[in-house]
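The values are calculated or read from the model by the stated rules, or taken from the named source; none is laboratory data. Keep in mind the model is a prediction, meaning the values are calculated, not measured. Cβ placement follows ideal geometry from the backbone for every residue including glycine, while neighbour counts extend to all protein chains displayed. What goes into the accessible areas is simple: the full protein's heavy atoms, side chains included, and nothing from ligands, DNA or RNA. Shrake-Rupley method; radii C 1.70, N 1.55, O 1.52, S 1.80 Å.
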Amino acid sequence: MSEDDERQQSPPSDLEFVSNKARNCNATGSGSGHPEFQSTYPDQVLENVLENVLHFLTSRRDRNAASLVCKSWYRVEALTRSELFIGNCYAVSPSRATARFTRVKALHLKGKPRFADFNLMPPDWGAHFNPWALAMAKAYPWLEKVHLKRMSVTDDDLATLAELFLGFKELVLVCCDGFGTSGLAIFVSKCRQLKVLDLIESEVSDDETDWISCFPEGESNLESLIFDCVECHINFEALERLVARSPSLKKLKLNRYVSIGQLYRLMVRAPQLTHLGTGSFSPSDIAGQGDQEPDYVAAFAACRSLLCLSGFREIIPDYLPAIYPVCANLTSLNFSYANITAEQLKPIISKCHKLQTFWVLDSICDEGLQAVAATCKDLRELRVFPFDPREDSDGPVSEVGLQAISEGCRKLQSILYFCQRMTNAAVIAMSKNCPDLVVFRLCIMRRHRPDPVTGEPMDVGFGAIVMNCKKLTRLAVSGLLTDKAFHYIGRHGKLVRTLSVAFAGDSDMALKYVLEGCPQLQKLEIRDSPFGDVALRSGLHHYNNMRFLWMSSCRLTRHGCQEIARAMPRLVVEVIRSADEEEMDDVVGTLYMYRSLEGPRTDAPKFVTIL
């Protein structure tokens, strides 16, 4: 996932672009009341040429750079953006964004920082979508797409999207909350051109509303329907009718209330699927004992276009052979909810020669990872999640599995690996065998755990990663780490943009090495580490270039945070307590600091103090 950010001279909102054709920029049809977007340019021919040139710039970073060339480029570049990315909803106000970018058709907006996923942020912190929805309704009545991540979205917000954007086509909500099935019912009933509705890891309240049956009758334009995170029963008959009248449907991901028998009926209706989330992958509790089971193997065999397979929420392994016919074509397989063993995995993975993305639970043990390494030579992304996330659990994967992956999957670009033990030798081997790594996230769940073979800290292992993996942009460190590891990161991690730290380091010098040595650093997440005010002050030269800094359970004081706030007025410095915690004199539990063109936000709850 790209983490591009804007430079300080322009709003901190990353942007991707789908071009509009060259046009007369003197037209008043943009809907903006700002004269800088309506002024006459001295050379109309040059302007038209510039618009056509910008058509070929699809990278956010390239477009951001183009906007800084001169005032003319700044104006024309803004007029040609139709897809707007904002990495922090508080970095810029809706009114400022809509005033500058007047022809937007798609919005990508992020809210809370990632640590909110680990219950490290009180639930009512903010990131409300409502002001953005209202502003867009006035500025972009032609809006077609909205992608939100970690935002608070209400049922009224969904109604606004459905009622005020007549051509609305695509809604993606990732890790969002605040809405329920009644809001979904209103939304789907009024979006007659809807093509995409993806609800991914979001919290959807059960209002006992049958939202599936609210899709308009007649042929549907749906291309993607993802609701595997919705924890309530659905009207299966209505879903089956919807799938049957959606000839363009390519992606369908079902929740755990859809049985394997119902999955069969849907697959028969939609053999054109390329992405399938299987639901429970187990029989219904109400299935008759004497009922003859459908031919699941034939159903999967008929789905010749299937490339990505996920789901398996309440899996019964006896049904796994049904997926054998599609394994040879799979490029993505997600078993992150399936508690399966290595023996159950081997017959499947041995057929997955084209696999590029694989998510799995550590229940497959090192033996299962060795089977992956033996077959999946084209693997680019691997995520190994813990079945039992407790710190004192017995971890079934170790350095053995990691080393096997590094030796067998040399095209690997991204890895997330949860384990209870790891050696420097295995990490060093990965750095040498997989030099194209862009993302390396190693989570040794038992805190302060050294190399179990040598008893040494994990410093040299992570040092090898930043030294040998020249493309590395995202790094998560764990285990017993001294300041030496951070010295390696600061010295060699010149492209690192996102760094996550937990239970690591000896002193303030560790953070100083990183802040002074990583010029591309955009997002820094730290928890439970011995870094205090001196470490915080060492980043004064760089904070204006970062998207955010998060520090929780460190050694910060209120006085030290106030010094940063006074020295850097463009930063918003938030001190966050738990909702029931009383404010203390000089102890800072959580610091969240981010840049903003607008200054302090106006919707901060009582447990947030903005310095």
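Listed values, structure above:
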{"quantity": "Of the criteria (1) out of contact with any helix residue (DSSP H, G or I) (no Cβ under 8 Å at 6 or more places or on another chain); (2) within 17 Å of Val466 (Cα to Cα), which one Asp528 fails", "calculated": "(2)"}
{"quantity": "Helices (runs of 4 or more DSSP H) fully within the stretch 355-439 counting 2 or more residues that are in contact with an Asp or Glu (Cβ under 6 Å, 6 or more places away or on another chain)", "calculated": "399-408, 424-433"}
{"quantity": "Selected residue (criterion: surrounded by the fewest Cβ atoms within 10 Å (Cβ to Cβ)) from residues of the stretch 142-164 that are more than 17 Å from Lys195 (Cα to Cα) and within 21 Å of the chain's Cα centre (by Cα)", "calculated": "Thr154"}
{"quantity": "The one condition in (1) open to solvent by 10 Å² or more (accessible area, probe 1.4 Å); (2) closer than 23 Å to His275 by Cβ that Ser189 fails to fulfil", "calculated": "(2)"}
{"quantity": "Conditions (1) in contact with a Pro (Cβ under 9 Å, 6 or more places away or on another chain); (2) crowded, with 18+ Cβ neighbours inside 10 Å; (3) not acidic (Asp, Glu): number failed by Thr590", "calculated": "(1)"}
{"quantity": "Any hit, the stretch 518-526, residues being at pLDDT below 95 and surrounded by fewer than 18 Cβ atoms within 10 Å (Cβ to Cβ)", "calculated": "no"}
{"quantity": "Candidates Arg256, Arg241, Arg265, Arg269, filtered to the one that is open to solvent by 60 Å² or more (accessible area, probe 1.4 Å), of a type in the set (Lys, Arg), within 16 Å of Glu314 (Cβ to Cβ) and modelled with pLDDT of 95 or more", "calculated": "Arg256"}
{"quantity": "Residue within the stretch 500-512 that is out of contact with any strand residue (DSSP E or B) (no Cβ under 6 Å at 6 or more places or on another chain), in contact (Cβ under 8 Å) with a residue 12 or more places away in the chain and under 17 Å from Leu472 (Cβ atoms) present", "calculated": "no"}
{"quantity": "Count of the stretch 91-129 residues which are open to solvent by 30 Å² or more (accessible area, probe 1.4 Å), in a loop (DSSP other than H, G, I, E, B) and either among the aromatic types (Phe, Trp, Tyr) or at positive phi (or both)", "calculated": "1"}
{"quantity": "Pick from the stretch 272-296, criterion modelled with pLDDT under 90 and among the hydrophobic types (A, V, I, L, M, F, W, C), ranking: most open to solvent (accessible area, probe 1.4 Å)", "calculated": "Ile286"}
{"quantity": "Selection within the stretch 325-342 - part of a helix (DSSP H, G or I), closer than 15 Å to Thr375 by Cα and out of contact with any Gly (no Cβ under 7 Å at 6 or more places or on another chain)", "calculated": "Cys327"}
{"quantity": "Test for Tyr319: is it open to solvent by 30 Å² or more (accessible area, probe 1.4 Å), of a type in the set (Phe, Trp, Tyr), free of Cβ contacts under 8 Å to residues at least 60 places away in the same chain and under 20 Å from Phe387 (Cα atoms)", "calculated": "no"}
{"quantity": "Members of the stretch 593-611 found to be open to solvent by less than 30 Å² (accessible area, probe 1.4 Å) and under 15 Å from Pro569 (Cα atoms), listed by number", "calculated": "Met593, Tyr594, Arg595, Ser596, Gly599, Arg601"}
{"quantity": "Which listed residue is in contact (Cβ under 8 Å) with a residue 24 or more places away in the chain, open to solvent by 30 Å² or more (accessible area, probe 1.4 Å) and hydrophobic (A, V, I, L, M, F, W, C), from Leu50, Leu79, Leu57", "calculated": "Leu57"}
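Listed here are the residues, each with its yes/no results for (1) modelled with pLDDT of 95 or more; (2) out of contact with any Phe, Trp or Tyr (no Cβ under 8 Å at 6 or more places or on another chain); (3) open to solvent by less than 10 Å² (accessible area, probe 1.4 Å).
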site	(1), (2), (3)
Arg410	yes, yes, no
Ala425	yes, yes, no
Lys432	yes, yes, no
Leu442	yes, no, yes
Ile465	yes, no, yes
Asn468	yes, yes, no
Gly479	yes, yes, yes
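For (1) out of contact with any Pro (no Cβ under 7 Å at 6 or more places or on another chain); (2) open to solvent by 50 Å² or more (accessible area, probe 1.4 Å); (3) farther than 24 Å from Arg447 by Cα, each residue gets a yes or a no:
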| residue | (1), (2), (3) |
| --- | --- |
| Val534 | yes, yes, yes |
| Leu540 | yes, yes, yes |
| Tyr543 | yes, no, yes |
| Leu549 | yes, no, no |
| Ser552 | yes, no, no |
| Thr557 | yes, no, yes |
| Ala565 | yes, no, yes |
| Met568 | yes, no, yes |
| Val573 | yes, no, yes |
